[in-house]
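Participant: One structure follows; several queries about it will come next.
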Amino acid sequence: LIENGDDLASGNRYHRRYRTAQVAGKLHASGPSDAAVIPVGGAQLTLTQGDIDLTDLTVRPGGDPQPRLAVQQLDLDNVDFNLQQRTANVAVVNITKPDPTAGLNADGQPDLFDLLSDAASKTEHEASASGNATSPASASGSPPFNAHIGEVALRSGTVRVTDRRYEPAFATNITELNAQLRDVSTEPSQVTQVKLDGRIAAAAPFTLEGS
């Protein structure tokens, strides 16, 4: 259980699907909320018209000396979340100074799969390669979450990209990354507007805009 205002410093273990990951940061939630655990029949968690702030967030896979993801500030404004009804709506998400690492391992597998257990990683990689990938929700028989975010604003980001399929490995950084996404949704018919700009290798500026 994460208490409001607590430091998130733990070795959270997801035994069946995920490797051990160390999560650190500080959580603050405000606004009218109601949380309850129902011993028989499942759990109910709701947050209505609330705000969630995370500061100095880091996610570090077990055994990895460097964080896979670091975010200075993550703000979620006007959150409506209902676990029982599987709905999540957020008016605005502000992400300040994100610093993730992403790339490909020598076998061509995305290194994000390193967060999965060996069995889950192999299964998802094979399913992706065969075009038969299924979501965790569909695999478990649960209905998917119905989620919508009005706007996502990312400021002053850095993305560290590495391709280990080559010797020596190719690596570069995308810096000064700013992005704005509007109408992000799990609804297939929803069109998301995207605008982003930054620099590749601290030299080449780029701008992308579309939907």
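Participant: How many residues does the range 164-206 contain that are polar (S, T, N, Q), surrounded by 13 or more Cβ atoms within 10 Å (Cβ to Cβ) and more than 20 Å from the chain's Cα centre (by Cα)?
Facilitator: 1
Participant: Could you give every pair whose Cβ atoms fall below 6 Å, whose first residue belongs to the range 186-204 and is farther than 26 Å from Arg86 by Cβ, and whose second residue is of a type in the set (Ser, Thr, Tyr) and open to solvent by less than 70 Å² (accessible area, probe 1.4 Å), counting only separations of at least 6 or pairs across chains?
Facilitator: Arg199/Thr175; Ala201/Thr172; Ala202/Thr175
Participant: Taking the condition of being surrounded by 13 or more Cβ atoms within 10 Å (Cβ to Cβ), modelled with pLDDT of 60 or more and not in a strand (DSSP E or B), how many residues in the range 124-159 meet it?
Facilitator: 1
Participant: Being modelled with pLDDT under 85 and over 14 Å from Val23 (Cα atoms) is the filter here, so list the residues in the range 53-85 that pass it. Steps first, please.
Facilitator: As a first pass, look at the range 53-85 and keep what is modelled with pLDDT under 85: 59-68, 81-85.
Within the range 53-85, Phe81, Asn82, Leu83, Gln84, Gln85 meet the criteria.
Participant: Exactly one of these conditions fails for Ser121: (1) modelled with pLDDT of 90 or more; (2) in a helix (DSSP H, G or I). Give me its number.
Facilitator: Here Ser121 clears every test but (1).
Participant: List, please: which pairs have Cβ atoms under 7 Å, are six or more places apart or on different chains, and start with a residue in the range 104-122 that is under 20 Å from Arg160 (Cβ atoms) and end with one that is open to solvent by 20 Å² or more (accessible area, probe 1.4 Å) and at pLDDT below 80?
Facilitator: Gln109/His125; Phe113/Glu124; Phe113/His125; Leu115/Tyr18; Leu115/Arg19
Participant: Assuming Arg86 fulfils every condition listed in (1) within 27 Å of Ile174 (Cα to Cα); (2) touching a residue at least 60 places away in the same chain (Cβ under 8 Å) apart from one, which condition is it?
Facilitator: With (1) within 27 Å of Ile174 (Cα to Cα); (2) touching a residue at least 60 places away in the same chain (Cβ under 8 Å) applied to Arg86, the lone miss is (1).
Participant: Would you mention how many residues in the range 160-199 are in a strand (DSSP E or B) and over 23 Å from Gln109 (Cα atoms)? Break it down stepwise before answering.
Facilitator: Going residue by residue through the range 160-199, those that are in a strand (DSSP E or B) are 160-163, 170-185, 193-199.
Subset that is over 23 Å from Gln109 (Cα atoms): 175-185, 193-199.
The qualifying residues number 18.
Conditions tested, residue by residue: (1) small (Gly, Ala, Ser); (2) under 12 Å from Gly157 (Cβ atoms); (3) open to solvent by 40 Å² or more (accessible area, probe 1.4 Å).
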position: Gln66; (1), (2), (3): no, no, yes
position: Asp80; (1), (2), (3): no, no, yes
position: Thr87; (1), (2), (3): no, no, no
position: Val93; (1), (2), (3): no, no, no
position: Lys97; (1), (2), (3): no, yes, yes
position: Pro110; (1), (2), (3): no, no, yes
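The values are calculated or read from the model by the stated rules, or taken from the named source; none is laboratory data. Computed from a prediction, not measured in an experiment: that's the story for all the values here. For neighbour counting, all protein chains shown are included, and Cβ atoms are generated from backbone atoms with ideal geometry for every residue, glycine included. For the accessible areas, the whole protein counts, side chains as well, though only heavy atoms, and no ligand, DNA or RNA atoms are used. Shrake-Rupley method; radii C 1.70, N 1.55, O 1.52, S 1.80 Å.
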